[in-house]
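S.K.: Starting off with a structure, shown below.
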Amino acid sequence: MTKHSGETLVRSVAASARSFTALCARLGQGRLRARMLAFLHTAAVHVPHFTRLVRELDAAVPIVHSVREDLLAQAIADGRVTDSTRQQTQAEVKRLAHDGARVVLCTCSSLGDAAEATDCPGSRVLRVDRPMAERALSLSRPILAVATTPTALSSAVTLLSSASGLAAPVVRELLCSAAWERFQAGDEAGYSTALAQQVSAHALPGDVILLAQASMAPAAALIRRADVEVLTSPSLGVQRALSLLGE
């Protein structure tokens, strides 16, 4: 072998090695995207709660959290999800998908409709309360929809109506505004207690209690009524999201 041919061979091997490394990197990114689960929250308190729920079911799936308190604050200030807030929500969902999320789970009920309507080719977007709403409707019983903000309550009722098809569900509404003030003050225990007290006072025998917001989940254990069924969204939402990752 001549010196020239030897140098050519070395360059060829080096180029092949670089190509192989690049291919492995692309394959690795593809595998990561195929398994990454992203969360869009509007309260930082949800980050450890949802991380724990995921890890109880899957110890390896990559997770990323985005906390956008400003989006919910704006929706509450406006009394609804305006076109501007809707566009900002969808921009954040698209960013998470672009960064590699195969599934994006929106944990804010107020923003759920805007999130699910996002056009994200190659990714799935799920609002956390959809599986809970579907479960409530499947029971064919009167539903007491409970929320602590008008935007969340309106979103929950709209979801129940759209998911029910032709058969309109029997839905009563309960707005617990005073409890929300405790949540905003960081009093999670007081928030849950206030919710449980109001629900217990207003629920009728046989009701399905739909706790519309993810933050309300801890209150379920405090509603000591054997004649009602209480549904919360976090566990059902995470289970569905992980199922979507596997498809």
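S.K.: Going through ARG240, ARG225, ARG182 one at a time, which residue ends up being outside any helix (DSSP H, G or I) and either of a type in the set (Lys, Arg) or in contact with an Asp or Glu (Cβ under 8 Å, 6 or more places away or on another chain) (or both)?
M.R.: ARG225
S.K.: Quick check on this structure: which one of SER155, SER162 is in contact with an Asp or Glu (Cβ under 7 Å, 6 or more places away or on another chain), part of a helix (DSSP H, G or I) and of a type in the set (Ser, Thr, Tyr)?
M.R.: SER155
S.K.: Also, I was wondering about something else. Determine whether region 187-194 contains at least one residue that is more than 23 Å from LEU53 (Cα to Cα), in contact (Cβ under 8 Å) with a residue 12 or more places away in the chain, buried (at least 16 other Cβ atoms within 10 Å of the Cβ) and out of contact with any strand residue (DSSP E or B) (no Cβ under 6 Å at 6 or more places or on another chain).
M.R.: Yes, some residue in region 187-194 is more than 23 Å from LEU53 (Cα to Cα), in contact (Cβ under 8 Å) with a residue 12 or more places away in the chain, buried (at least 16 other Cβ atoms within 10 Å of the Cβ) and out of contact with any strand residue (DSSP E or B) (no Cβ under 6 Å at 6 or more places or on another chain).
S.K.: Further question: Could you check how many residues of region 111-137 are under 23 Å from SER215 (Cα atoms) and either at pLDDT below 95 or of a type in the set (Asp, Glu) (or both)?
M.R.: Number of matching residues: 4.
S.K.: Checking the conditions here, which among LEU53, LEU71 is touching a Cys at 6+ places or on another chain (Cβ under 9 Å) and either within 20 Å of PRO121 (Cβ to Cβ) or surrounded by 12 or more Cβ atoms within 10 Å (Cβ to Cβ) (or both)?
M.R.: Only one candidate passes the filter, namely LEU71.
S.K.: Specify which of the listed residues (ARG124, ARG141, ARG135, ARG172) is surrounded by fewer than 21 Cβ atoms within 10 Å (Cβ to Cβ), in the same structural domain as LEU72 (by TED's automatic domain parsing), in contact with a strand residue (DSSP E or B) (Cβ under 7 Å, 6 or more places away or on another chain) and of a type outside the set (Asp, Glu).
M.R.: ARG124
S.K.: Any chance region 96-105 includes a residue that's free of Cβ contacts under 8 Å to residues at least 60 places away in the same chain, β-branched (Val, Ile, Thr) and within 20 Å of PRO234 (Cβ to Cβ)?
M.R.: no
S.K.: Against the condition of a type outside the set (A, V, I, L, M), loosely packed, with under 13 Cβ neighbours inside 10 Å and under 22 Å from ARG130 (Cα atoms), how does SER155 come out, does it pass?
M.R.: no
S.K.: In this structure, is PRO48 at pLDDT 95 or above, more than 30 Å from ALA185 (Cα to Cα) and outside the structural domain of THR148 (by TED's automatic domain parsing)?
M.R.: no
S.K.: Would you pick out the residues in region 89-110 that are surrounded by fewer than 19 Cβ atoms within 10 Å (Cβ to Cβ) and not hydrophobic (A, V, I, L, M, F, W, C)?
M.R.: LYS94, ARG95, HIS98, ASP99, GLY100
S.K.: Right, something else. Could you tell me whether region 98-110 includes any residue that is at pLDDT below 95, out of contact with any strand residue (DSSP E or B) (no Cβ under 6 Å at 6 or more places or on another chain) and at positive phi?
M.R.: no
The values are calculated or read from the model by the stated rules, or taken from the named source; none is laboratory data. Since this is a predicted model, take the numbers as computed values, not measurements. Glycine also receives a Cβ, built like all others from the backbone with ideal geometry; neighbour counts cover every protein chain displayed.
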